[in-house]
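**Student:** Here it is: the structure, laid out below.
The values are calculated or read from the model by the stated rules, or taken from the named source; none is laboratory data. Since the model is a prediction, treat every value here as computed from it, not as a measurement. Cβ placement follows ideal geometry from the backbone for every residue including glycine, while neighbour counts extend to all protein chains displayed. Side chains are part of the model used for accessible areas, which takes the heavy atoms of the whole protein and leaves out ligands, DNA and RNA. Shrake-Rupley method; radii C 1.70, N 1.55, O 1.52, S 1.80 Å.
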Amino acid sequence: MAEVHIIGQITEAKDFPKENLFCKWYLQVGNNWKVISGKKEGQTQVTSPQFGKVCKWSYPIDIHLATAGLQGWPKIYLQVYHLDWLGRSHIFGYGFITVPTTPGTHILDCYTWRPFGTIKDRFVQYFLGGGYQIKNPDLIFSSGERYKLSTEAMGVVSFELCVVLRNFSNYGVEYDTSLENVTTIQSSETNVKKGTTSPILSTTAVPTTTCKANSSCFANSTNNSVTVPPTQQTTALVTTPIPASFFHFDIKTSERSSKNLCICDLTIDYCDLNCCCDKDCSLENKLVFDHCEEDFRQYDTRYCQYVKHIYVNKTPHEFQINQNGLFCIVRSNLPASYIVQRKQPLKSLQDAQFERQNKFNWPKPTHEDSQIFNYFNYTYGKPLLILRNNTIENLQFLKSFVVTSCVVKEDIKYLIDVKSSCSHTNISADNYYLKADTFFRNMTIIANPGLLNVSKHKNFLKNCTKDVCLNVRPKICNEDFEDCVQISPNDTRIKSSCKVNIANNELFCINLVQNVRYNFYHNGSSGLIKVELYLILKSATFYYHQEMEFSQTIEVNFIWWNHTLNYSSHLSGNPGYLVGKPILIANIVSINVPINNTNSTSNATSYKQQLQLYRNPSDFTENFLVLPFVNSEGVCVLSKHKYTPVEFGYNVYLRCEINDYLWIKNLSAKNVCIAVQNTIFKYWALKVTNGTLSNRVIALFGNAYIYNIGDWLRPMFENDLKDILNRTWGEFDRQNKTLKCGNITTLLITEIFHARVDFDDIINQEKILATTFQFDNFQNFTFALNHTLQFYIKLGAQVMFHDITTKKMRKLVDPPSLKIRLPHDFFYPFVKIDNHGVRQALFMNNNSIDRICKNCGDIVNRYCCRYQKRCCEYLNPSGCPTPASPEARISCRTPQFCRSSTDCPMFKQCCDTSICGATCMKPTFSGYRY
Amino acid sequence: MVVLEVFTKNIKISYKSTLLSKASVLALIFGVLSLVLPFIFAYKSKGLWLKRDTFYEQPDVKFRGEYIFVATTNNYNKSVITCSNLPHFDNVLRPLDTCSVIKVRETDRNFDGKTEELDLSLQVNLPVNTHLTSFCIIIPFNYKLQVCPLEMQTAIIFQELLPFYISKYSLVANVVVTQTSPLICHRKNTNTLFNYPVIVDNGDLNNYDINTIITNFSKRNISTSLRDVYKSFSPGKTQNFVLNLNIEFPEDRIYYKPGFWQVLKWAWIHTIFLAGD
């Protein structure tokens, strides 16, 4: 009989979710096995570890088995149990191991599992303990039917078993007897040990290269030893052209070791001053040195030993520095390293340009090809061309830059309006830009470059037709471009000239060009059609002891042909006001509109007065809100051309002085004062027609339409102008030499309230919501009298813009109100109602309304009153008569509420379960019951 | 396939020891140290308690409509020009006032109810052959903070010497707050310590003196000043001197003394959490 000894122990259980474990084990053997001695099964003690989570059992196993065959080799199966704090034991795992078939000591891990219930079971198991157990423990090691079992992994139980086999070779079972009774540890360590000895490298055939510290490698081969020189000196005196391929050689530059370098040696064969390491300097030379130039070598001072170059007696020395600091590096165990750096020269221009990217660059100047004349049509922003002395030039104007004097020239560009002024400092009749001729003489303006046909006529510039080369006809105007006179180009009246008056040290010039205005009429892409030139000439006196300056203004306007632009067509935003744009105003005028009287047979047409808005298109001040212009002396001026527009969003405080006179013949003192006040109003651009100001309206939006009165808003006044005029008082003194005027207002306060509103999808449009005019600073004045009344008054005008935008809120549309009524017989299901109570209120005819009102007029309750009113609204839209009877009147005023008739006083009934009434009428109309 | 680490979990290692053992004593010492040391570090590194803190806020600024402009000229007959629209100013200094138009716009670019930009343009009329040699403009405005409720009246003060003929002077600058000590915040009480006018307008000539105004202004603990000042001017001889100011009111950093709960919050973070683990 072959025999097997199993000696060992169940050492421990680990990785279980809980401690307090014990284990039942059982040795399972086949039929032809016999236990000679030892126990086949057993149970360990309960172990509760204090440290860690490993339950150490150390349960001994010692079994002697005898067998006649290998079938049914011994297996140990085990059940691990947990003992909870109540003393109950729950299954914590099943598992089995097969006893190793090789002799020796084995450390075995038995992985355990336990059955796995439904979620509910697991829930119960978690809180209460317990769980599924296997009814038939054979299942643990039998291979059948296990697929139905769902399990979860539990911990590991470790075994340490020593197997001793005996007499197996007698039965033909062979095993390595040399391993008999030899301790083997079943672990991966043995494999590692084997691996270390196996790879033996054969070194004989492979030529190896050895590299030395100076980084030059020598190939050592047995047959021929060739040493490659580390550096290849390319010393070639080149007199022939160098082939291009020459530069593609890898030229190794000689990099000398840093030991011998002398950084301050900058001249060959010459002793550099204060350069102690210069070999050209003798010791005697060095005596003259004051100090030694600094050496820029870097030392790695982290090391305990390093070499330092220092100068002793102005001679360089290498010093081995030994520092015995606490934290110095004695020996570095870092792997050998080298510095990767760019030292190869760039090979091609492309490489160089690639490297140049994102680096500093001087910008290259770009030349605009303005000199090349092209025959394309004008487009927006193209320079305007002129023909002067048979050459084509750009039309230019002088402009100020930084300083006010004319310093630069700029092209006049197609469709770009210009208004610019600068001052000339070179005053003489010869100054080109001060002469009127400059702007029109010998000059034609090319209507469109595309019209010039170069190929046909060689001499096209001379034969330029008048519709291609437009002549400029100058007009001379007085100030403000009024009263313009057409002059012929050869008119001598516009010739400028200067005269020097030495006695007074002054220069007197006439006909200097002060203002230039070009009006170009264009037709879009087809170019210019007509050119107008307006000039304002001025004579001036200059003094030599002062700086001479003459200010010149040039204005260029591009106007669509056949379109006249007036002030009324200017909008200040579309739709909302734009910041900085003027505020639109209009005047209400009443006009007589003829009415076609169809009834009357007579031909006489009658007129009806109708209010309309009117804006004078030629006058800025009648289209926009303005304040007086303040000239340089601080005097108020208000005319068609001089004004200060009130710009949207800009708060203004303006102060100026009026300097005016009045004829006072045959006027009473009060009337004179009223006239003074009226003059003040005039300067505030408040037109007093019929003594009222309320004929002025202000546009709500920047695009207000003149024929839509809803776009305009009447301003609000604290006092009407009439009141203010009436409030003034005036009296002459005794000698009629002075006039005293009182209560004259000198301050106009305009407040404009605006808010941002949304127009569907155009958001934040500024809308004026109110405008108020207030007058303040009422003062008394005393004027000296002459034939005329000359007066100086200091005026003020304030404009304030107030943003009164509130936070926008999106409000939902009210949900549709549903009127749900109970069926008419809900409360009185057994009372029969005529017509089955179908309410036909919508189709009430007059008769039925009559009937309702007649009947309900005397019915005393609120419903009645309400319905009565409703009747009235049908019959008499203007008002509702009071109920006829006094009782009804009282009850309508004080209704009494009830739930049932018992709540009501005697003889009264509860009608419609809410109001007490005298009688509950039989319904006279279907739907109403009282 | 790439293997990713999708979940990691710490291993908890517990060391156990009996009560009277070296390990327990050592653990106790280190436990105490780890509790005490953070306090010591926190105390040594600028204290345990938060002494000041900052917040960022864009102030609510409202132009008061007032200004005062004082300039000197090279003209002996009219050597000083003073302009203002203060109510009592006119009675005193009206003859020296030659400013004609002042134009102001407050812009709220993002529609949050706070002014971001103030554009001010002042036109001064000058006699012939006169130029300004220096000027000073003071624009009082109301300044309001919400995070730390504060209302004060402060001013933009700008002074400049002009060496030659200048027709137009433009200034672009930011207004920032300057503090000499941290603000003391009360959530409910508005700090109105400096809510008094910069220019005392009572008709006393001395109060319109730039020197007086600036001396009084500089005594405030919290005030405003111009920063990032960019100037540009166009030389030229005109009878109108135009001064353009473009002042921005950016978000500003204000430091304040934190309240009790905030101090406690930081002390908590400094110490409890530091000491906790």
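**Student:** Using the eigenvalues of the Cα gyration tensor, what equivalent ellipsoid semi-axes result for segment A:488-633 when each is taken as the square root of five times the eigenvalue, whole Å, largest first?
**Tutor:** 49, 22, 20
**Student:** How much length, in nm to one decimal, is gained on full extension between A:Leu818 and A:Lys279, taken as 0.36 nm per residue of separation minus their Cα-Cα distance?
**Tutor:** Separation in residues times 0.36 nm, less the Cα-Cα distance, equals 182.8 nm.
**Student:** At 7 Å along the Cα-to-beta-carbon direction for both A:Gln125 and A:Leu334, put a label point, then send me their distance in nm to one decimal.
**Tutor:** Rounded to a tenth, the inter-label distance reads 5.9 nm.
**Student:** Return the Rg/Rh value of segment A:2-187, two decimal places, where both radii are evaluated on C-alpha atoms and Rh is the Kirkwood radius.
**Tutor:** Ratio of gyration radius to Kirkwood radius for segment A:2-187: 1.01.
**Student:** Size of the dipole of segment A:371-563 about the Cα centre, Lys and Arg at +1 and Asp and Glu at -1 on the beta carbon, nothing else charged, in debye to 20?
**Tutor:** 820
**Student:** To the nearest 100 Å², how much accessible surface do chains A and B cover up together, summed over both, with a 1.4 Å probe?
**Tutor:** Separately minus together, A and B give about 2300 Å² buried.
**Student:** Please sort B:151-158, A:279-286, A:768-775 by packing, taking for each peptide the average over its residues of neighbouring beta carbons within 10 angstrom, highest first.
**Tutor:** B:151-158, A:768-775, A:279-286
**Student:** A further question follows. Starting at the first residue of segment A:139-146, write each ³J(HN,Hα) from the Karplus equation 6.51 cos²θ - 1.76 cosθ + 1.60 with θ = phi - 60°, in whole Hz, x for Gly and Pro.
**Tutor:** Here the 3J(HN,Hα) series is 4, 4, 10, 7, 8, x, 6, 7 Hz.
**Student:** In Å², what does the accessible area per residue of segment A:608-680 work out to with a 1.4 Å probe?
**Tutor:** Ligands and nucleic acids excluded, the figure is 44 Å² per residue.
**Student:** If you don't mind, there's one more thing I want to ask. As a test of understanding, state the convex hull volume per residue of segment A:269-324 from its alpha carbons, in Å³.
**Tutor:** Roughly 84 Å³ of hull volume per residue.
**Student:** Could you rank A:Glu633, A:Glu410 by how accessible they are, 1.4 Å probe, largest area first?
**Tutor:** Output order, biggest surface exposure first: A:Glu633, A:Glu410.
**Student:** Averaging sequence separations of C-alpha pairs under 8 Å and six or more residues apart, then dividing by the length of segment A:269-324, give the relative contact order as a whole percent.
**Tutor:** Relative contact order comes out at 27 percent.
**Student:** While we're here: Using θ = phi - 60° and the Karplus curve 6.51 cos²θ - 1.76 cosθ + 1.60, what whole-Hz ³J(HN,Hα) does each residue of segment A:112-117 get, with Gly and Pro shown as x?
**Tutor:** 10, 9, 9, x, 10, x
**Student:** From largest accessible area down, sort A:His309, B:His270; use a 1.4 Å probe on the protein chains.
**Tutor:** Solvent-accessible surface, decreasing: B:His270, A:His309.
**Student:** Within straight cross-link reach of A:Lys286, meaning Cα distance under 19 Å, which lysines are found once same-chain residues fewer than 8 apart are removed?
**Tutor:** Cross-link targets: A:Lys314.
**Student:** List the residues, sorted by chain then number, that are 5 or more residues from A:Ile329 or on another chain and whose placed amide H is less than 5 Å from its amide H.
**Tutor:** A:Tyr303, A:Cys304
**Student:** For segment A:12-80, run through the chymotrypsin sites (Phe, Trp or Tyr not before Pro) and keep only the ones in DSSP coil with at most 15 other Cβ atoms within 10 Å of their Cβ.
**Tutor:** Answer by residue number: A:Phe51.
**Student:** Considering only Cα-Cα distances, which of the following residue pairs are longer than 18 Å: A:Lys581/A:Lys767; A:Lys767/A:Lys811; B:Lys62/B:Lys144; A:Lys18/A:Lys53?
**Tutor:** Pairs exceeding 18 Å: A:Lys767/A:Lys811.
**Student:** Mind checking segment B:1-76 for GluC sites (Glu not before Pro) that DSSP puts in a loop (not H, G, I, E or B) and that have at most 13 other Cβ atoms within 10 Å?
**Tutor:** Taking segment B:1-76 and a limit of 13 other Cβ atoms within 10 Å, the loop GluC sites (Glu not before Pro) found are B:Glu5.
**Student:** Here's a follow-up. Inside 10 Å of the C-beta atoms of A:652-661, what's the mean count of C-beta atoms belonging to other chains?
**Tutor:** So the per-residue partner count for this stretch is 4.
**Student:** Give a residue-ordered list of calculated ³J(HN,Hα) values for segment B:205-212 (Karplus: 6.51 cos²θ - 1.76 cosθ + 1.60, θ = phi - 60°; whole Hz; x for Gly, Pro).
**Tutor:** Once θ is set to phi - 60°, the couplings for segment B:205-212 become 4, 4, 6, 9, 6, 4, 4, 4 Hz.
**Student:** Also: First select every other residue whose beta carbon is under 15 angstrom from the beta carbon of A:Phe801; then total the charges, Lys and Arg +1, Asp and Glu -1.
**Tutor:** So the surrounding residues net to -2.
**Student:** Taking each residue of B:232-238 in turn, how many C-beta atoms of other protein chains fall within 10 Å of its C-beta, and what is the average?
**Tutor:** So the per-residue partner count for this stretch is 5.
**Student:** May I pose another question? What is the extension gain from B:Leu20 to B:Val32, computed as 0.36 nm multiplied by their sequence separation minus the C-alpha to C-alpha distance, in nm to one decimal?
**Tutor:** 2.6 nm
**Student:** On to the next question. Straight-line reach from A:Lys530: which aspartates and glutamates have Cα under 13 Å away, leaving out those fewer than 8 places along the same chain?
**Tutor:** Excluding near neighbours in sequence, the set is A:Asp467.
**Student:** Classify segment B:134-250 as rounded, prolate or oblate from the Cα gyration tensor: take a ≥ b ≥ c as the square roots of its eigenvalues, call it rounded if a/c is under 1.5, otherwise prolate when a/b beats b/c and oblate if not.
**Tutor:** Since a/c reaches 1.5 and a/b is larger than b/c, the shape of segment B:134-250 is classed as prolate.
**Student:** Can you compute the FRET efficiency between A:Asn743 and B:Leu205 using 1/(1 + (r/R0)^6), with r the Cβ-Cβ distance and R0 = 35 Å? Round to the nearest 0.05.
**Tutor:** In this case the efficiency is close to 0.75.
**Student:** At A:Asp720 and A:His317, where each label point lies 7 Å from the Cα along Cα→Cβ, what is the point-to-point distance in nanometres?
**Tutor:** The two pseudo-label positions are separated by 11.4 nm.
**Student:** Using the Cβ atoms and a cut-off under 14 Å, what net charge is assigned to the surroundings of A:Cys264, where Lys and Arg are +1 and Asp and Glu are -1?
**Tutor:** Neighbourhood net charge equals -4.
**Student:** Considering amide H positions built from the backbone, and no H for Pro or chain starts, which residues 5 or more places from B:Leu132, or on another chain, come under 5 Å of its amide H?
**Tutor:** It is B:Ile166, by chain and number.
**Student:** Using only atoms on other chains, find how many Cβ atoms lie within 10 Å of each Cβ of peptide A:631-640 and report the average.
**Tutor:** Going residue by residue through A:631-640 and averaging, the value is 3.
**Student:** When we measure straight from the Cα of B:Lys46, which lysines land under 25 angstrom away, once same-chain ones fewer than 8 places off are left out?
**Tutor:** Straight-line reach from B:Lys46, under 25 Å: B:Lys257, B:Lys265.
**Student:** DSSP loop (so not H, G, I, E, B), at most 16 other Cβ within 10 Å: list which chymotrypsin sites (Phe, Trp or Tyr not before Pro) in segment A:654-744 pass both filters.
**Tutor:** Those that pass, being in a loop and sparsely packed, are A:Tyr705, A:Tyr707.
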